[in-house]
1. Would you be able to say whether some residue in segment B:192-208 is in contact (Cβ under 8 Å) with a residue 60 or more places away in the chain, surrounded by fewer than 21 Cβ atoms within 10 Å (Cβ to Cβ) and either polar (S, T, N, Q) or over 25 Å from B:R319 (Cβ atoms) (or both)?
2. Would you check if A:L48 is touching a Phe, Trp or Tyr at 6+ places or on another chain (Cβ under 8 Å) and either at the interface with chain B (Cβ under 7 Å from one of its Cβ atoms) or not in a helix (DSSP H, G or I) (or both)?
3. Under the condition of being touching a Ser or Thr at 6+ places or on another chain (Cβ under 8 Å) and more than 7 Å from every other protein chain (Cβ to nearest Cβ), which residue from segment A:54-72 is modelled with the lowest pLDDT?
4. Of A:G280, A:G263, which residue is free of Cβ contacts under 8 Å to residues at least 12 places away in the same chain, within 15 Å of A:Y228 (Cβ to Cβ) and in a helix (DSSP H, G or I)?
5. Among the numbered criteria (1) closer than 30 Å to B:T248 by Cβ; (2) of a type in the set (G, A, S); (3) touching a strand residue (DSSP E or B) at 6+ places or on another chain (Cβ under 8 Å), which one does B:S189 miss?
6. Restrict the check to segment B:255-271 and report whether at least one residue is outside any helix (DSSP H, G or I) and within 15 Å of the chain's Cα centre (by Cα).
7. Could you please let me know if B:D377 is among the acidic types (D, E), buried (at least 24 other Cβ atoms within 10 Å of the Cβ) and either assigned by TED's automatic domain parsing to the domain that holds B:P251 or farther than 30 Å from B:I280 by Cβ (or both)?
8. Of all the helices (runs of 4 or more DSSP H) wholly in segment B:102-216, which have at least 3 residues that are modelled with pLDDT under 90 and either over 25 Å from B:R279 (Cβ atoms) or not assigned by TED's automatic domain parsing to the domain that holds B:K270 (or both)?
Amino acid sequence: MLVLESACLGSFLSLDLLLFFLFFEVTLVPAYFVIGGWGYERRGPAALKFFLYTFLGSAFLLVGIVSVAFIHDRQTGQLTFNLLALSAHGGFRGGVGILLFLAFTAAFAVKAPVFPFHTWSPEAYSQSPTGGVMVIAGVMAKLGSYGIIRFDFDLFPQATVRLAPLLLTLAVASILYGAVVACRQRDLKRMVAYSSLSHLGFIVLGFFALTQQGLDGAVLEMTNHGLYTAALFLLIGMVYVRRKTFRTGELNGLQRSMPILAGVFTVAMLAAIGLPGLNGFVGEFLILIGTFATHRWWAVAATTGVVFAAIYLLWAYQRAFHGQPSEENAKAKDLSWREGAVLAPLLILIVAIGIYPRPLLDRITPSVVAIVHHVEASTSYVAPSVTTTGRVAALGGKG
Amino acid sequence: MTPLLSLLVAQVPALRLPQVDYFALLPEIVMAGMAFVTLGARSLTRRGLPPAVWTLVTMATGLASGTLAVLLGRRVETHGAFAAVDGALAVDGFSVLFLVLVSAAVVLFALAAHPWIEREGEDGAELLSLGMLSASGAMFMAAANDLLVIFLGLEILSIALYVLAALNRRRAASGEAAIKYFVLGAFSSAIFLYGIALTYGATGSTNLARIGTYLAANVSTHGGLLLAGLALLLVGLGFKVAAVPFHTWTPDVYQGSPSPVTGFMAAVAKAGGFAALVRILFAAMPTLRLDWQPVLYALAVLSLVVGAILAVVQRDVKRMLAYSSISHAGFILVGVVAASAAGAASVGYYLLTYTFLIMGSFAVVTVVGGPADAHQDLEDYRGLARRQPLLALGFAILLVAQAGVPFTTGFLAKFYVLTAVIAQGGYVLAVIAMLAAVAVAFFYLRLVLVMYGWAGAGAGAGAGAVGPVGDADAAGAGEVVLPAGTTSLAGVGAGGGGEPDLAVLGGGGGLALATATSTGVEQAISGEGLVAAPEGLAAGDGDPVPFPDATKVVLALCVAFTVVFGIWPAPVVDFARHATLLFGLR
C-alpha cells in the first residue's frame, strides 16, 4: 500500500517524462498484488485484466515518450526527457502531433478510465479490498486525468484543440454510459464503480472544454471525486463487513439498525449526485459552465448524466437503507468510533469544499490560466472569456 | 624416394603459422580445458566423486573465465581492440561482454543443475563438462572474426547441446527433443556453412574485417551470390536464436530437455547466435544494410507476434517459456534492425539481463518439476506461494521482470531496444514490439496468479457468474479467464462447484474448497500425484516442493541482478554501451 502511495506521489511529482513513466508503470505492481491478494472472490481475473489493460495503454505511452524525445532531438539537437524543455519547444505540429497525442491519450484514457477503455475498472473496483479501491479509484485513477492535463496539453496543444470534440464525445459517452449502467446494478460496489466512470467523464469533459472554468472545475472535481468516492467505497466496505454482501437485494432497512452509517452515506451520496453545498456540486457546475461556453450540446447531454446520478444513487439508497429490515439486517451494528474517525476527515472535507471552495480554487486557477495561455499561444485557438466569471467568483465565495 | 619427397616439400610453400596471443584466448581455453579435465577426472576416478565437487569445479571455471574476460576487457580499454590469431578472433568490448555473459551463465547453470543432478541420481560430471564445452563454443562464436571460426563455435556449442538435451534418460521426451534438435540443428548448420561458401565466393574471404573492407571498396554488379550467401547465413543463425519462422524446434526441445539445460540453452545459444549475427551484419556487411534490414524487420515482427500469441495459449510452463523466448528473440531482433551502435548495445544489454532472468526461471522450473521433470503443467504451480513462499516470490519477480515492469532490468532492456529503434525512425516496429510485450505479459501474470492461488477461485466464480442482468463486464471477465477456464479441468470442476451461494460467500472457505476440488480432479485424472493426495488434507496444495540451497543461491543471484541493476542501471548499461563503440556505425 505504501509502495503504491509512493509510486503515485512519484508520478505526480515527476517533470521528467521518463521518470513519470517509470512511476506510472510501477503503480501497477502493488495495485495488482493488492487486488489479487486481498480482493473478493473474482479477484484473480480482475487483477489480471486491470494489469493488462493499463499495461497496454502504457505500451503506447512508452513509444510516445521515446518518440517525443527523439523528434525533439532531431529538431533541436538536444536529447531530453524533461517536460519543460520539451514543451518550450512549442509543441509537436501536424499529423505527428496528432499521432503522439493519441498515443499518450490512450494510456491516460485507460488509466482514467474513459469509455470505451473502461472495461477493467468495474471489475477491479468491485473486486479489490476496501482500502485498495479507495487508493485505486481515489488516487491512482487520477494519474490518468493528471497525465492528460500535464502532458497532453503541454506537449501537443494543437492536437488537443483539434481532437477536443472527439475527447468530449468520449467523455459524454462515459458520463451517460456509466450512469445508465450504474442504474442497472444490483450490487452497491459495482454501482459506485460505474458512477465513478461517469464522474471521470465529467473531469475529461472539463479538460477538453478548454476554458478556464472547465479546467478549474475538472481539477477541483479530481479532488472531490477522490473524496466522495473514497467515502462511498469505505461505507460500502463497512456494510460488507457486517452483512457479507454488496447486493441490494439482500440489504434492506439498514437505516433502522445503523442510523449513523446511513447518515454519512447520505452525505457522501448527495455529494456524488452534486447537491449544492457539497463538494460535488462546485466541480460539476464549473465544468458544465465551461463546457457550455464552447460546446453547448455536449454540455446539455452531460447534464442528463447528473439526473441519472440522482436516479441510481437514490434508488440504491432506497433499496438498501429504507424499508423494514430483515432479521440479519436488523442485527447489524452501527459505526464504531474507529470507523467514525476514518470517515470524519472525508466528511469534513466534503462539506468544507462544498461550502467554501475558495482556497482550492485559488491554487488551481493560476496553473489553469497558465495552461490555457500555453494552448492559446501555440494555436490559433482562443478560449472564450465567459461572462459568468463574476458569478463563478461569487460562487467560489458563497458556495 | 627420399629425393622425391624433398622435391615435393620444396615445392610446398612454408606453412605460415599465425602468432597466437594466448592471453587473448585464455577465457575460452580455460572453459574448454576444464571441460576436458572434468571428463578426464571423472573417467579416472573409479567410483566417481560426489556431484558437489563437479558443481564447484564448474562454478570455479565460470568465475575464472569471467575474471579473465574482465582482465581482457581492461586491456582492451587501455590498449584498444585488437585481432588475435591472425585476425581470426576479435578481442574487443563486444566479445568481452559476451565472454562475461557466457561465464555468468555457466556459474548459474552449475548452481541450477545441482539439485537436478542430485534428484535424478546423475553423476554430474557429464552434464557439467558438456555445459562448459558448449559454453566455450558460444565464447568462440562471440569472439570470432572469421566466418569459419563462427561455424566452429556454432558446432561446438550445438553438438554439446544435442547431447545435453538427451541427458534425461528417464524421459522419452528428452530423447525426442535431442533427435529433433539434432536433425534440425545439423540441417541449419549445413545451410550456414553453405552460406559461408557463397559469401567466400562473392568476396574472396571468410574474414569479417576483410569482407567489410572488400564490400566497402567494391560495388557488386551481380549481387546475387553475395545476397544468397547472406540469406543462408541469416537462416542458420535464425535457427540458433529461435526466430520465427525457424522456431519450430523450440517448444518441443525446451519441453523435452532437462529443465536446467533448457535454461542454459535459452541463454547461451541465444547469446552466441546473436553475437555472431550482430558481428556479421554490423562488422562485415554494414554496406548491405538496405538488403538485410527488411528481412530482419520481417523476422522480428513474426517472432514477436507468433511468440506472443502462442505463449498465451500454452498450458505447459516450459513450452510457455519457450514461446516467450521466441518473443524475446523478436525483441532483440528489433535492436538489430536499428542497425546502430545503440542497437548493438541494446542487444548486448538485453541478452545479459535475459540470461539472468531465464536461468533463474528455469532454476525454479527445475525444482518444481519434481522427479523426471514431470510436473510442468500450469496446475502444478497452483498455490506455490503457500508451499514455498520465497521460491514463488523470486519466480514472481523474475516473471514480472520478463514482462517488462519498471525498476527491473527487464524494463530497461526493452527500453533501450525501443530507444535504439525509435532513434532510427522505426515507430511502427516499436509499437508492434510493445504490443507483443503486453500479450506475453498476460502469461507471466497468469502464472503469478496461479502461484498465489488467486486464479482458481476466480475461474469458478467467472464460470458461475452471478453478475447482474445486462452487465457486459461479467462476460468480459469470463473472456479473460477463458484460456484457463476452458482448457483446464480445474476450471470446470471449480465452476461446477461455484454455485451462486458459494461464489457470493467467497472468502477463505469458498476459495479453499474450489482449489481443493480442482487440484483433486486434476490429480485424479492425470494420475500424476506421486504422493497420494487425500482431498481436504492439504487444501489446494500439491506435492511438497523442495527448495535446495543451490536453487536459493541461483535465485538470489538472479533476483538481485534483476532488481539492483533495474534500480541502478548505470554500470551494466555503460558496460554494454562501451562494448559496442568500436563498430563502424553511428
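1. Residues of segment B:192-208 in contact (Cβ under 8 Å) with a residue 60 or more places away in the chain: B:206-208.
Still in the running and surrounded by fewer than 21 Cβ atoms within 10 Å (Cβ to Cβ): B:206.
Cutting the leftovers down to either polar (S, T, N, Q) or over 25 Å from B:R319 (Cβ atoms) (or both) gives us B:206.
Checking segment B:192-208: at least one residue is in contact (Cβ under 8 Å) with a residue 60 or more places away in the chain, surrounded by fewer than 21 Cβ atoms within 10 Å (Cβ to Cβ) and either polar (S, T, N, Q) or over 25 Å from B:R319 (Cβ atoms) (or both).
2. Working: touching a Phe, Trp or Tyr at 6+ places or on another chain (Cβ under 8 Å): yes; either at the interface with chain B (Cβ under 7 Å from one of its Cβ atoms) or not in a helix (DSSP H, G or I) (or both): yes.
Taking the combined requirement at face value, the residue satisfies it.
3. Across segment A:54-72, the extreme among qualifying residues is A:H72.
4. Numbers: A:G280 fails: free of Cβ contacts under 8 Å to residues at least 12 places away in the same chain.
Just one listed residue meets the conditions, A:G263.
5. (3)
6. Looking only at segment B:255-271, we keep the residues that are outside any helix (DSSP H, G or I), and these are B:257-258.
Adding the requirement that they be within 15 Å of the chain's Cα centre (by Cα) leaves B:257-258.
Within segment B:255-271 (the criterion being outside any helix (DSSP H, G or I) and within 15 Å of the chain's Cα centre (by Cα)), the answer is yes, since at least one residue qualifies.
7. Working: among the acidic types (D, E): yes; buried (at least 24 other Cβ atoms within 10 Å of the Cβ): no; either assigned by TED's automatic domain parsing to the domain that holds B:P251 or farther than 30 Å from B:I280 by Cβ (or both): yes.
So B:D377 fails the test.
8. Working: elements: B:125-143, B:147-165, B:172-203.
Where helices (runs of 4 or more DSSP H) fall fully within segment B:102-216 and carry at least 3 residues being modelled with pLDDT under 90 and either over 25 Å from B:R279 (Cβ atoms) or not assigned by TED's automatic domain parsing to the domain that holds B:K270 (or both), they are B:172-203.
The values are calculated or read from the model by the stated rules, or taken from the named source; none is laboratory data. Just so we're clear, the structure is a prediction, and the values are computed from it rather than from any experiment. With ideal geometry, Cβ positions are generated from the backbone for all residues, glycine too; neighbour counts draw on all protein chains shown.
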